[in-house]
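Peer 1: Have a look at this one before I ask anything.
What follows is calculated from the coordinates using simple rules that are stated; it is not laboratory data. Since this is a predicted model, take the numbers as computed values, not measurements. Note: ideal-geometry Cβ built from the backbone for every residue, glycine included; neighbour counts use all protein chains shown.
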Amino acid sequence: MLPMRHETESSLLLPTEAPAARVLNAHGRAPAVLICEHASRFIPAALDGLGLDEAAASSHAAWDIGALDLSVELMGALDAPLVHSRISRLVYDCNRPPEREDAMPQVSEVFSIPGNMNLTDAQRTQRVRDVYEPFKTLVSSTLDERPEPPVVITIHSFTPVYKGTPRTVELGILHDKDDRAAQLMLSHAESSGLRVALNEPYSATDGVTHTLREHAVRRGLPNVMIEVRNDLIDTAEGVNRIAGLLTPILQSVIQDLSHAEAKP
């Protein structure tokens, strides 16, 4: 008799659905690496849409609306590599460690996620292996291959209304233990015309800085997490406008930090 096949022995992704993560402009010349953890709302066929209706599957709960488009524009403007996930954060949130319950959330914003209810250890392990680990490995290898220490910049978006409460902030600048890049960005962003706030609408205490902590803080790399209100980047015109505002800010931050690193 053949041994029983375990769920973790087969890939969650079909060959046509792989890879789980991708790097673009891998040889970009800027001393920076962009990361977009919530770039896609794609759900592998094996998960049957997680039982979501179209409203939930296309909502901000499934991905950060506009974040990938903004990341790609910034990638080109800065000439920096971009690492992004290709799988919905409802399958696995690559900005959360495996031990966190919200790495595979049962509820996200106002939506219940039927396909995440009562997951077995084997199912959770499979998602970690097939979604999170490839993303984590690609981020690590991209950082390790840079010719000089880069600034790590993660790109996110947030909803203009959360649980019935309007958010007036347009650009959030977040940091974990290392606030060098965040403070510089805040000072450069004051003249952007955007409503800017430090550690809003989230902060490290909300558990949203896992990527910064895992990949930048432990390497001693300067880092920052950018949150843009998604009604500002839900059209091509909006993405172009915000990218135009953020590009000189980030160029200044990268230059300032590069000069600081170069000092004896």
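For (1) touching a strand residue (DSSP E or B) at 6+ places or on another chain (Cβ under 6 Å); (2) surrounded by fewer than 15 Cβ atoms within 10 Å (Cβ to Cβ); (3) under 23 Å from H60 (Cα atoms); (4) among the β-branched types (V, I, T), each residue gets a yes or a no:
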site: V228; (1), (2), (3), (4): yes, no, yes, yes
site: L232; (1), (2), (3), (4): no, no, yes, no
site: V239; (1), (2), (3), (4): no, no, yes, yes
site: P248; (1), (2), (3), (4): no, yes, no, no
site: S252; (1), (2), (3), (4): no, no, no, no
site: L257; (1), (2), (3), (4): yes, no, no, no
site: A260; (1), (2), (3), (4): no, yes, no, no
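Peer 1: Name, by its number, the condition in (1) in contact with a helix residue (DSSP H, G or I) (Cβ under 6 Å, 6 or more places away or on another chain); (2) among the aliphatic types (A, V, I, L, M); (3) farther than 23 Å from I242 by Cβ that does not hold for L138.
Peer 2: So the condition that L138 fails would be (1).
Peer 1: Now for a different question. Hey, among the residues in the range 15-50 that are more than 17 Å from D64 (Cβ to Cβ), of a type in the set (V, I, T) and touching a strand residue (DSSP E or B) at 6+ places or on another chain (Cβ under 8 Å), which one's surrounded by the most Cβ atoms within 10 Å (Cβ to Cβ)?
Peer 2: Only one residue tops the list, namely V33.
Peer 1: Could you grab me the full set of residues in the range 168-181 that are under 20 Å from the mean Cα position of the chain (by Cα) and surrounded by fewer than 22 Cβ atoms within 10 Å (Cβ to Cβ)?
Peer 2: Answer for the range 168-181, where residues must be under 20 Å from the mean Cα position of the chain (by Cα) and surrounded by fewer than 22 Cβ atoms within 10 Å (Cβ to Cβ): V169, E170, D176, K177, D178, D179, R180.
Peer 1: So which residues in the range 146-170 are of a type in the set (A, V, I, L, M), under 18 Å from D64 (Cα atoms) and touching a residue at least 60 places away in the same chain (Cβ under 8 Å)?
Peer 2: Selection gives I153, I155, V169.
Peer 1: Looking at Y202, is it surrounded by fewer than 16 Cβ atoms within 10 Å (Cβ to Cβ) and closer than 19 Å to R89 by Cα?
Peer 2: For Y202, the condition - surrounded by fewer than 16 Cβ atoms within 10 Å (Cβ to Cβ) and closer than 19 Å to R89 by Cα - is not met.
Peer 1: Only one of these conditions is not met by S203: (1) touching a residue at least 60 places away in the same chain (Cβ under 8 Å); (2) farther than 21 Å from D69 by Cβ; (3) out of contact with any Ser or Thr (no Cβ under 7 Å at 6 or more places or on another chain). Which number is it?
Peer 2: (1)
Peer 1: Only strands (runs of 3 or more DSSP E) wholly contained in the range 164-246 count here; list those with 2 or more residues that are in contact with a helix residue (DSSP H, G or I) (Cβ under 7 Å, 6 or more places away or on another chain), under 19 Å from E109 (Cα atoms) and small (G, A, S).
Peer 2: Passing ranges: none, list empty.
Peer 1: Among the residues in the range 130-143, are any assigned to a helix (DSSP H, G or I), under 30 Å from H259 (Cα atoms), of a type in the set (D, E) and without any contact (Cβ under 8 Å) to a residue 12 or more places away in the chain?
Peer 2: No, the range 130-143 contains no residue that is assigned to a helix (DSSP H, G or I), under 30 Å from H259 (Cα atoms), of a type in the set (D, E) and without any contact (Cβ under 8 Å) to a residue 12 or more places away in the chain.
Peer 1: Which of the residues belonging to the range 92-112 are surrounded by 14 or more Cβ atoms within 10 Å (Cβ to Cβ), part of a loop (DSSP other than H, G, I, E, B) and without any contact (Cβ under 8 Å) to a residue 60 or more places away in the chain?
Peer 2: Residues satisfying the conditions are Y92, D93, P98, M104, P105, Q106.
Peer 1: Also, quick follow-up: Is at least one residue of the range 37-46 closer than 18 Å to T125 by Cβ and in contact (Cβ under 8 Å) with a residue 24 or more places away in the chain?
Peer 2: yes
Peer 1: Would you confirm whether or not the range 75-87 contains a residue that is closer than 21 Å to K136 by Cβ and without any contact (Cβ under 8 Å) to a residue 40 or more places away in the chain?
Peer 2: no
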